[in-house]
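Below: one structure, written as structure tokens.
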Amino acid sequence: MIKPRRIFTYAFLIGVSAISIFPFLWMVVSATNKSVDVTKGRLLPGSHLIENIRNLTSQVDIVNALMNSLKVSVVTTLLALLISSLAGYGFEVYRSRAKDIVFNILLLSMMIPFASLMVPLYRMFASASRSVPSIGIDTLTAVVLPTITTAFLIFFFRQSTKMFPKDMLEAGRMDGLSELGLFFRIYMPTMKTTYAAAAIITFMASWNNYMWPLVVLQSPENQTVPLVISNLGSSYAPDYGVIMSAIVIATVPTALVFFLMQKHFVAGMMGSVK
């Protein structure tokens, strides 16, 4: 006989799961309906998905926007993982009197909102546009550079490195490995779950980044997916079916990344080292 407490627990978990998944289901269902049905709150699938996608592709170049977002997200993720892991590794492995002071200052920078940095960043990239146009305003490089590392990622890697067996580094030094060899041949393969968790966090943050690309990107051909979706909703009479279909398309890459790496993500967030 099932205990009443277990029945309550299962019912609670099922209810929370239903509440959590409802927005996603509503988004997918809305992508198959007309705009008028979406505004009425229709919860049944319709037959207008192909029509909505056709209207979407006729209004905006969604494929180009997806490619721009993919370029920005992949490059940002790779650079952020390399730079942040090097910094976190260095803060934990190497000893220095000033190390903790620098690290504390780095943590304090997390209190500064990015919105307060956009004006000086914009002026810096506007100045760079005159001398090096390839990294100036209205380039994807200008979107990537300010986000290739964050204080949070450095903190995340340093905390995970505390669990790293330091004896492996000593053994590598005795075998004649250089310091970079220790990092690339011992540290990185051992910390793969941490890298997976950091990759998911960074990729999703970069893919959904809206504020800074809105400021720095001006040409329609350089716009990322969040900007394109925002433009769809800013018209006088937005087509919500088209908007929902665009959101579904934009959600697919991040969902795939998460589901493919979710096991490593959980292990990495728990700080395990394999």
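Out of L107, L117, one residue alone is of a type outside the set (S, T, Y), assigned to a helix (DSSP H, G or I), surrounded by fewer than 18 Cβ atoms within 10 Å (Cβ to Cβ) and in contact with a Phe, Trp or Tyr (Cβ under 7 Å, 6 or more places away or on another chain). It is L107.
If the condition is being of a type in the set (S, T, N, Q) and more than 19 Å from K99 (Cα to Cα), then the range 148-198 contributes S178, T190, T193, T194.
Scanning the range 60-68 finds no residues that are in contact (Cβ under 8 Å) with a residue 12 or more places away in the chain, open to solvent by 50 Å² or more (accessible area, probe 1.4 Å) and either under 25 Å from I200 (Cα atoms) or assigned to a helix (DSSP H, G or I) (or both).
Taken over the range 145-167, the residue count meeting the criterion of being aromatic (F, W, Y), open to solvent by less than 60 Å² (accessible area, probe 1.4 Å) and in a helix (DSSP H, G or I) is 2. For the range 21-80, filtering for residues that are among the polar types (S, T, N, Q) and in contact with a Lys or Arg (Cβ under 9 Å, 6 or more places away or on another chain) leaves 3. For L79, the conditions (1) closer than 21 Å to W212 by Cα; (2) open to solvent by less than 30 Å² (accessible area, probe 1.4 Å) are fulfilled apart from (2). On the given criteria, is V29 in contact (Cβ under 8 Å) with a residue 60 or more places away in the chain and crowded, with 16+ Cβ neighbours inside 10 Å? The answer is no for V29. With respect to the conditions (1) open to solvent by 30 Å² or more (accessible area, probe 1.4 Å); (2) closer than 28 Å to S206 by Cβ; (3) charged (D, E, K, R), E92 falls short on a single one, namely (1). Among the residues of the range 191-218, the one identified as over 18 Å from the mean Cα position of the chain (by Cα), modelled with pLDDT under 90 and either among the small types (G, A, S) or open to solvent by less than 10 Å² (accessible area, probe 1.4 Å) (or both) is M191. Sort out which residues of the range 36-45 are within 19 Å of A237 (Cβ to Cβ) and surrounded by fewer than 19 Cβ atoms within 10 Å (Cβ to Cβ), and write them in order of number. If the condition is that a residue be within 19 Å of A237 (Cβ to Cβ) and surrounded by fewer than 19 Cβ atoms within 10 Å (Cβ to Cβ), then V36, D37, T39, K40, G41, R42 are the ones that fit. Quick check on the range 224-238. Is at least one of its residues at pLDDT 90 or above, under 22 Å from the mean Cα position of the chain (by Cα), assigned to a loop (DSSP other than H, G, I, E, B) and at negative phi? Yes, there is a match, as at least one residue in the range 224-238 is at pLDDT 90 or above, under 22 Å from the mean Cα position of the chain (by Cα), assigned to a loop (DSSP other than H, G, I, E, B) and at negative phi. Residues that are assigned to a helix (DSSP H, G or I), of a type outside the set (K, R) and more than 26 Å from M261 (Cα to Cα) are absent from the range 185-206. I83 fulfils the conditions (1) out of contact with any helix residue (DSSP H, G or I) (no Cβ under 7 Å at 6 or more places or on another chain); (2) without any contact (Cβ under 8 Å) to a residue 24 or more places away in the chain except for a single criterion, (2).
The values are calculated or read from the model by the stated rules, or taken from the named source; none is laboratory data. This one's a predicted model, so the numbers in the text were calculated from it and none came from an experiment. So basically every Cβ, Gly included, is an ideal-geometry build from the backbone, and we count neighbours across all protein chains shown. These area figures cover heavy atoms from the full protein model, side chains too; ligands, DNA and RNA do not enter into them. Shrake-Rupley method; radii C 1.70, N 1.55, O 1.52, S 1.80 Å.
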